[in-house]
Amino acid sequence: MLDSITGVGGPSPEAVIRVRDVTKSFGGAAALKNVSLDVHAGEVHALMGMNGAGKSTLVKILSGAHNPDLGHIEVADRVQTQLTPRRARRLGISTVPQRRELVMSLTVAENIMLGDLPNRRSVVRWRSVADEARAALDGLGISIDVGHIAGDLTVAEQTMVEVAREVRRGGRVLILDEPTACLGADAAEQIRALVRRLRDGGVAVVYISHHIDEVLGIADRITVLRDGAVVRSGVTGDIDERGLVRDMAGRDVVSERPQRAAASRDVGLAVRDLSHGRSIDGFHVEVRKGEIVAVLGPAGDAQSRLFDLLSGRRRPDRGALCVDGRPVPLGSVSRALGSGLRCVTGDRRSLGLIPDLSIDENLLLAQDRLAGRRLHRSSALARRAAPLRDDYRVVSLAKNPPVGRLSGGNQQKVLLAKWLGTRPAACFLEDPTNGVDVAAMADIHTLIDALAREGVAVLLASSSAEEVMRLADRVIVVRGGRMVAEHEINGITRDELVATVLGGELS
Ligand SMILES: Nc1ncnc2c1ncn2[C@@H]1O[C@H](COP(=O)(O)OP(=O)(O)OP(=O)(O)O)[C@@H](O)[C@H]1O
Ligand SMILES: [Mg+2]
């Protein structure tokens with residue numbers, strides 16, 4: 001398989017970055033092993049691999065956040081020994097990291113212009129800040145008000161702002177670490193169109209995604225990492241989907257729609273007339289026990305508001321919630337939890353996990369809180385957490401590191417395990433497979449299906465039509481905060497579903 005590595009060894013004049021034999025370890029365990037690859041001008045170079053394969057670590061080396069232990073990188077034909085983020089930027093390398101870096105208390109305009117505020121004699125010209133930021137967004141066809149506070153934006157909008165900031169900075173290399181991980185079909189297509197434009201203008205793009213069809217559609221070259229080593233690197237035309245999955249996972253991964261028995265007649269979760277400002281207007285649904293109902297909409301639409309309202313973090317203007325036939329007052333996190341409803345956020349970094357606590361502590365936090373127990377650090381913790389780790393295949397280099405050290409996809413698995421391990425009566429899941437690899441996605445889908453088989457009512461807010469087709473019994477399409485269509489999954493194709501998301505009407 002290593003025979004297929006191209007562009008390594010011999011001179012390749014158009015390479016803007018050359019990575020040579022890079023090894024990087026954390027606490028004695030290697031996250032990258034002897035990695036070599038070239039990044040060429042005017043090409044999209046995709047990095048693929050399972051969660052924890054080393055993609056983001058490589059990104060951090062390219063962007064100067066980490067230095068290699070062994071090996072080196074060359075930028076502009078010069079070996080860079082001590083690359084720093086500032087120096088990388090000066091060399092024309094722009095990065096949108098997997099862990100987004102907006103300042104949540106600042107406006108969109110301030111975030112886009114940060115570090116480059118137009119001023120005259122040290123006085124910031126705020127009107128120019130807004131104008132230039134607006135121009136950066138307009139240039140990408142993005143309509144977000146530059147006066148909004150970043151923290152109020154949806155995750156999808158935050159991604160767009162960060163991409164706009166990096167594109168505005170210009171440069172010869174743009175690195176995007178899972179830019180489309182939590183975006184709907186429309187926003188993801190916007191990002192891809194932008195990437196193609198930049199590529200055609202001669203920019204070298206490094207692109208990371210777990211969506212195989214997306215990568216096959218956009219990449220000129222693909223490098224696959226497995227356990228920190230390059231197992232394939234070559235032009236896209238030579239690679240098919242099945243081969244790619246096998247290279248990444250080291251095995252075939254089957255992901256078929258599971259066959260579930262019909263749901264019971266009992267309603268496990270009922271939401272009535274839920275309304276909040278303009279973000280949700282008259283949302284209603286009855287999810288039967290054992291049923292999975294999906295809410296699908298364009299990026300940044302009602303899904304994350306639904307999380308806020310159903311979890312009790314925000315009080316809606318009006319509406320009612322019943323779990324297992326019993327009314328649950330809205331606007332109270334503890335009452336929502338007490339009812340047996342578990343809401344899993346799509347925003348794992350700021351709402352879902354405590355990054356400084358270990359994997360095991362995060363896994364058991366919810367169980368112990370619900371049982372009124374204090375979390376003790378002891379060997380019992382490891383024993384109790386072990387089944388959850390196994391079921392969700394949480395992998396890490398160290399044994400039980402702080403959860404913030406895990407790769408993105410593994411953090412996602414910890415988040416799901418934390419909540420779904422508490423025996424919910426009903427659950428609301430927001431983008432549960434955000435950022436997980438193909439094998440983990442299949443595993444998580446199996447686990448969600450198993451929940452439904454056990455009689456849990458599952459409301460699934462997703463930005464992926466594929467996920468909805470795979471898992472749901474019914475789908476509600478939302479747009480502009482309103483329900484615009486509802487379908488049985490058996491009665492609709494994926495393409496029809498996407499068309500409804502993009503513009504169809506109530507049917
Ligand atoms: N600062 C760090 N300290 C300790 N271990 C780390 C650190 N950064 C990364 N790792 C480990 O290195 C390995 C590679 O992580 P990396 O984030 O590069 O994976 P990835 O391919 O980007 O995965 P994902 O698809 O989940 O984002 C993982 O096992 C991770 O736990
Ligand atoms: Mg990563």
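Remark: the residue 286-residue 423 segment gains 47.3 nm on full extension, using 0.36 nm per residue and subtracting the alpha carbon distance. Would any residue of segment 399-418 have its amide N under 15 Å from a label point 7 Å out along Cα→Cβ of residue 365? List them or say none. Those under the cut-off are 401-406, 411-418. Volume per residue for segment 308-421 equals 106 cubic angstrom (convex hull of Cα atoms).
DSSP beta bridges confined to the chain are antiparallel in about 55 percent of cases.
Relative to the compact-globule estimate of 2.2 N^0.38 Å, the Cα radius of gyration of segment 125-175 comes out at 1.13. Sorted largest first, the principal axis extents computed over the alpha-carbon atoms of segment 150-256 equal 41, 33, 25 Å. Residue 488 exposes around 110 Å² of accessible area when a 1.4 Å probe is run over every protein chain in place. Principal-axis analysis of the Cα atoms of the chain puts helix 155-169 at an angle of about 20° to the longest axis. Around residue 277, under 12 Å between beta carbons, what's the net of Lys plus Arg minus Asp minus Glu among the other residues? Result for the neighbourhood of residue 277: +1. Across all C-alpha atoms in the chain, the radius of gyration and Dmax reach 23.0, 71 Å.
Classify segment 200-250 as rounded, prolate or oblate from the Cα gyration tensor: take a ≥ b ≥ c as the square roots of its eigenvalues, call it rounded if a/c is under 1.5, otherwise prolate when a/b beats b/c and oblate if not. The shape class here is prolate. For segment 364-507, the share of DSSP beta bridges that are antiparallel, to the nearest 5, is 55%. What is the distance in Å between the Cα centroid of segment 325-352 and that of segment 412-432? So the separation of the two Cα centres works out to 11 Å. Segment 45-144 has equivalent-ellipsoid semi-axes of 31, 18, 12 Å, by the square roots of 5 times the alpha carbon gyration tensor eigenvalues, sorted largest first.
Here the simple spin-label model places points 7 Å from the Cα toward Cβ, and for residue 105 and residue 349 these points are separated by 1.8 nm. Averaged over its residues, segment 314-442 has an accessible area of 46 Å² per residue, based on protein heavy atoms and a 1.4 Å probe. Kirkwood radius and radius of gyration were both taken over the C-alpha atoms of segment 199-342, and their ratio Rg/Rh is 1.15.
With no solvent and one point on each alpha carbon, what is the Debye value of log10 I(q)/I(0) for segment 408-463 at q = 0.16, 0.31 Å⁻¹? Taking Cα atoms of segment 408-463 as identical point scatterers yields -0.43, -1.48. With a ≥ b ≥ c taken as the square roots of the eigenvalues of the C-alpha gyration tensor of segment 277-338, please select rounded if a/c is under 1.5 and otherwise prolate if a/b is larger than b/c or oblate if it is not? It is oblate, given that a/c is not under 1.5 and a/b is not larger than b/c.
Residue 284 sits with roughly 100 Å² accessible to a 1.4 Å probe, with DNA, RNA and ligands left out of the calculation. Here segment 14-146 has 48 percent of its accessible surface on carbon and sulfur atoms, given a 1.4 Å probe and all protein chains in place. Taking label positions 7 Å along the Cα-Cβ direction at both residue 238 and residue 81, the computed distance is 3.5 nm, reported to one decimal. Test of the criteria: in segment 438-469, which GluC sites (Glu not before Pro) are in a DSSP loop and have at most 13 other Cβ atoms within 10 angstrom of their Cβ? Answer in residue order: 454. Estimated from the Cβ-Cβ distance and a Förster radius of 41 angstrom, the FRET efficiency linking residue 379 and residue 25 is about 0.90.
Backbone N atoms of segment 353-371 closer than 14 Å to the 7 Å Cα→Cβ label point of residue 400 belong to residues 357-365. Here the translational diffusion coefficient of segment 362-507 follows from Stokes-Einstein with Rh set to the Kirkwood radius across Cα pairs; for 4 °C and 1.567 mPa s it amounts to 76 µm²/s.
Label reach from residue 128 (point 7 Å along Cα→C-beta): in segment 152-168, amide nitrogens under 19 Å belong to 165, 168. With K and R counted +1 and D and E -1, the other residues having a Cβ less than 13 Å from that of residue 68 yield a net charge of +2. In segment 68-200, the alpha-carbon atoms span a convex hull of 139 Å³ per residue.
The helix-based estimate of mean residue ellipticity at 222 nm for the chain, built from -39,500 (n - 2.57) per DSSP H run of four or more residues and divided by its residue count, is -10000 deg cm²/dmol to the nearest 500. In segment 35-96, the convex hull through the Cα atoms has an average projected area of 4.6 nm², a quarter of its surface area.
The values are calculated or read from the model by the stated rules, or taken from the named source; none is laboratory data. Predicted, not measured: the structure shown is a model, and the values here were computed from it. In this analysis, Cβ positions are derived from the backbone assuming ideal geometry, glycine residues included, and neighbour counts consider all displayed protein chains. SASA here: full protein model, heavy atoms, side chains in, ligands and nucleic acids out. Shrake-Rupley method; radii C 1.70, N 1.55, O 1.52, S 1.80 Å.
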